[in-house]
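Please read the structure below before turning to the comments.
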Amino acid sequence: MPIARKSLVSLEATPYYHIVSRCCRRCFILGKDAITKKDYSHRQEWIENRLQELPKIFNIKIASYALMSNHFHLVVFIDQEESKQLTDLEIAHRWHQLYKGTMLTQKFANGENLSKVELDAVTIKINEWRERLLDLGWFVKNINEPLARMANAEDKCTGKFWEGRFKSQALLDEKALLACMAYVDLNPIRAKMAEIPEKSNHTSIKKRAEKAKQSKVPNRLDQQENSLLNFAGKPRENMPKGIPFTLTNYLELVDWTGRQVRKNKRGNIDQALPNILQRLNIEQDQWLYITQNFESSFKGIVGTTMSLVSKMKDFKRTRTLGYSNSLFYFGK
C-alpha cells in the first residue's frame, strides 16, 4: 500500500527530496520508440524549458536532474527561507503566472483599492498559494500536466500520459544527498545512453560541466550554472545557501564513478578515489553499489541511521523503515 505523501515530506527534517515520475502506456518523453521507430527527442525542449521556468515561480530549486526515455529524475531543494521573504504581492504575481487566481487577487496584483473584508479574503488565498509554492505535488503537477497535454495532442489520443503517483525520497543528510545526486546524474551511463557524464544529454551534470569549463573559478557561486542550485562548498559557519560540497569535487566524483560503472570496475582499488568519499567515510564498493541502485536500496526516507532515528518524529512515523540498508551503506 503506498505511503501517504505527507508522511514522506517534512521540511523540519530536510529540504532535499528525490523525485521520480514515470510514463504509462509505453509513452516516451525522449528518445526513440524501439517498436514504432518514432523519435521523440524533440520533447526534451518541452520539459527542460519547464525545469528552467518553474523554479523562478516555486520556492523549489533543482539540484540535479536526468531525463530518460520514459521517466525523469529530480533532486530538489525546498527553500522555506525564500518563501518567508516574499511579500503577498510577490506570491500573487508568481501564482498568476500559472493560474488566473480570483477576481480579488487580480485586483490586488494590479494595485486596485480593496476593502478590509476583500483584503482578508485575498490574504487567505495568498497564504494558501504560499504553501502550494513549497509543495512537491503542485511542482510535479506543473511539470507533468502541460507535457501530457502536448504529447497527447501530438499522439492524437487522450488519457493518462503519466503514472498517477510520482515517487519521492527524503534525503536526510550529506551522504544521502551526495549518493542520490550522483545516482541521478549517472542514470544515462547505466542505461548506456552515454559513455561519460559530461556527454550525457538532458542531465544537470552536463550543464554543470559545460559551465565549469567556461568559468575561471568554477566553485564561485556567481560562475555556476544559474538555472540550478549552487554548490556552496564544505559545511561551515555562515554558509551560503546551496549544496554542501564544492562543484569541482562533485564533478570529479561523478566523472570517476561514471568510469567505474561503465568499465565494470566495482571492487577494484583505484588510486584516484576522490577525497569527498573519504571525508564522508563512504567505502568505495558501497558507493558504487548505491549509485547504481539508489531507488531499490532505500525506502522513502534516506540517511544514516542516526538521521533516520532522530528525524522519524518529524515524519510522524513510529517505525524506522530501511534501517538495515542505511546502516550497511551509510553507517551510523
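The values are calculated or read from the model by the stated rules, or taken from the named source; none is laboratory data. Not measured: the values here are computed from a predicted model. Don't worry about glycine lacking a Cβ; one is built from the backbone with ideal geometry, like all the others, and counts go over all protein chains shown.
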Selection from segment 28-47 of residues out of contact with any strand residue (DSSP E or B) (no Cβ under 8 Å at 6 or more places or on another chain), buried (at least 18 other Cβ atoms within 10 Å of the Cβ) and at pLDDT below 85 yields 28
Residue under question is residue 8, and the condition is that it be closer than 20 Å to residue 163 by Cα and modelled with pLDDT under 90; does it hold? yes
The condition of being among the acidic types (Asp, Glu), assigned to a helix (DSSP H, G or I) and over 21 Å from residue 55 (Cβ atoms) holds, among 131, 112, 154, only for 154
Selection over segment 139-163 where residues are over 25 Å from residue 38 (Cβ atoms) and either more than 13 Å from the chain's Cα centre (by Cα) or surrounded by fewer than 16 Cβ atoms within 10 Å (Cβ to Cβ) (or both) yields a count of 2
Residues of segment 58-85 being in contact (Cβ under 8 Å) with a residue 40 or more places away in the chain and more than 12 Å from the chain's Cα centre (by Cα), in sequence order, are 58, 59, 68, 69, 70, 71, 79, 80, 81, 83
Exactly one of 170, 194, 182, 176 is in contact (Cβ under 8 Å) with a residue 24 or more places away in the chain, out of contact with any strand residue (DSSP E or B) (no Cβ under 7 Å at 6 or more places or on another chain) and surrounded by 15 or more Cβ atoms within 10 Å (Cβ to Cβ), and that residue is 182
The correct count of residues that are free of Cβ contacts under 8 Å to residues at least 60 places away in the same chain and among the β-branched types (Val, Ile, Thr) in segment 213-246 is 2
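Is there a residue being among the polar types (S, T, N, Q), under 20 Å from residue 77 (Cβ atoms) and assigned by TED's automatic domain parsing to the domain that holds residue 52 anywhere in segment 186-195?
Looking through segment 186-195, at least one residue is among the polar types (S, T, N, Q), under 20 Å from residue 77 (Cβ atoms) and assigned by TED's automatic domain parsing to the domain that holds residue 52.
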Subject >> Filter pass, residue 119 being within 18 Å of the chain's Cα centre (by Cα) and either outside the structural domain of residue 59 (by TED's automatic domain parsing) or more than 23 Å from residue 24 (Cβ to Cβ) (or both) >> reply: no
Check: Somewhere in segment 19-34, is a residue of a type outside the set (Gly, Ala, Ser) and at positive phi?
Finding: yes
- Within segment 148-164, can one find any residue that is under 26 Å from residue 63 (Cα atoms), in contact with a Pro (Cβ under 9 Å, 6 or more places away or on another chain) and at pLDDT below 95? no
Practice prompt. Tell me, yes or no, whether segment 76-87 has at least one residue that is surrounded by fewer than 13 Cβ atoms within 10 Å (Cβ to Cβ), more than 30 Å from residue 232 (Cα to Cα) and not assigned by TED's automatic domain parsing to the domain that holds residue 17.
Written response: no
- Query: Do we have residue 111 as surrounded by fewer than 16 Cβ atoms within 10 Å (Cβ to Cβ), more than 30 Å from residue 288 (Cα to Cα) and in contact (Cβ under 8 Å) with a residue 60 or more places away in the chain here?
  - Reply: no
In segment 307-323, residues that are touching a strand residue (DSSP E or B) at 6+ places or on another chain (Cβ under 8 Å) and among the small types (Gly, Ala, Ser) total 1
Might you check whether a residue that is in a strand (DSSP E or B), in contact (Cβ under 8 Å) with a residue 24 or more places away in the chain and under 17 Å from the mean Cα position of the chain (by Cα) occurs anywhere in segment 45-57?
no
Within segment 292-332, the count of residues that are among the small types (Gly, Ala, Ser) and modelled with pLDDT under 85 comes to 2
